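The values are calculated or read from the model by the stated rules, or taken from the named source; none is laboratory data. Treat the numbers as computed from the prediction; the structure is a model and nothing was measured. Cβ coordinates were reconstructed from backbone atoms using ideal geometry, including for glycine residues, and neighbour counts include every protein chain displayed.
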């Protein structure tokens, strides 16, 4: 046992005295969203975070609260554009349990879409069907079960949400917003503004693979030495 204990410091010294470039770091990028739901509105749940090259779920945002929604998966490149899609229910005038789609979206698109009915904007997507798809996609069930829901929401995000809102010249104004700026929070069926938010991109230092491989090699060596000492 004494011989084994003396070998550990030696291994630590060997690891710490490796090549200088083993300690270098790469940079990845993490996105986060600060969401403000105005007082008097209901919680926003089942939020799906669409970003360049990927989708993450499920998040929640509450009125009268600082809601920080952070993508837990950093990427090798800064995210350029985003769209957050969720659900809310029991708004003023609703029947109990009635649900609505919520979009966290580009400010210009939101100004064009405010007080406009869902069907007027998004002619290829029924709101009730999108609500069901969001609920399925974020249900936490196995992948084969939730896959149709994910596909349906992705189709909306890259379809009607991209070209369904038109400006005064009948040109599409995408609901996707530039990451690193502000966005608006609207809910339907009739485009009510219920909040706002900002997005940020943060650099995350990540150890180079050489560092991780060196540590793994050292641990394997330690295991080998331990077995030899015990024999």
Exercise. Only one residue in 26, 22, 10, 14 is modelled with pLDDT under 95 and part of a strand (DSSP E or B), so which one is that?
Worked result: 26
Seminar exercise, completed: For the stretch 161-189 the number of residues that are more than 17 Å from the chain's Cα centre (by Cα) and surrounded by fewer than 14 Cβ atoms within 10 Å (Cβ to Cβ) is 6
For this session: Kindly list the number of the only condition in (1) surrounded by 13 or more Cβ atoms within 10 Å (Cβ to Cβ); (2) closer than 20 Å to residue 71 by Cα; (3) touching a residue at least 40 places away in the same chain (Cβ under 8 Å) that fails for residue 205.
Result: (1)
Problem set entry | Residue count for the stretch 45-88, restricted to those that are over 10 Å from the mean Cα position of the chain (by Cα), modelled with pLDDT under 95 and part of a strand (DSSP E or B) | 1
Exercise. Has the stretch 104-126 got any residue that is in contact with a strand residue (DSSP E or B) (Cβ under 9 Å, 6 or more places away or on another chain), buried (at least 22 other Cβ atoms within 10 Å of the Cβ) and in a strand (DSSP E or B)?
Worked result: yes
Problem set entry | Top-ranked residue of the stretch 175-207 - restricted to ones that are in contact with a strand residue (DSSP E or B) (Cβ under 8 Å, 6 or more places away or on another chain) and in a loop (DSSP other than H, G, I, E, B), ranked as modelled with the lowest pLDDT | 189
For this session: Restrict the check to the stretch 138-145 and report whether at least one residue is closer than 16 Å to residue 49 by Cβ, surrounded by 14 or more Cβ atoms within 10 Å (Cβ to Cβ) and either touching a strand residue (DSSP E or B) at 6+ places or on another chain (Cβ under 9 Å) or free of Cβ contacts under 8 Å to residues at least 40 places away in the same chain (or both).
Result: yes
Exercise. Is there any pair with a first residue in the stretch 33-45 that is on the phi > 0 side of the Ramachandran plot and a second that is modelled with pLDDT of 95 or more whose Cβ atoms are under 8 Å apart and which are 6 or more apart or on different chains, and what are they?
Worked result: 40/63
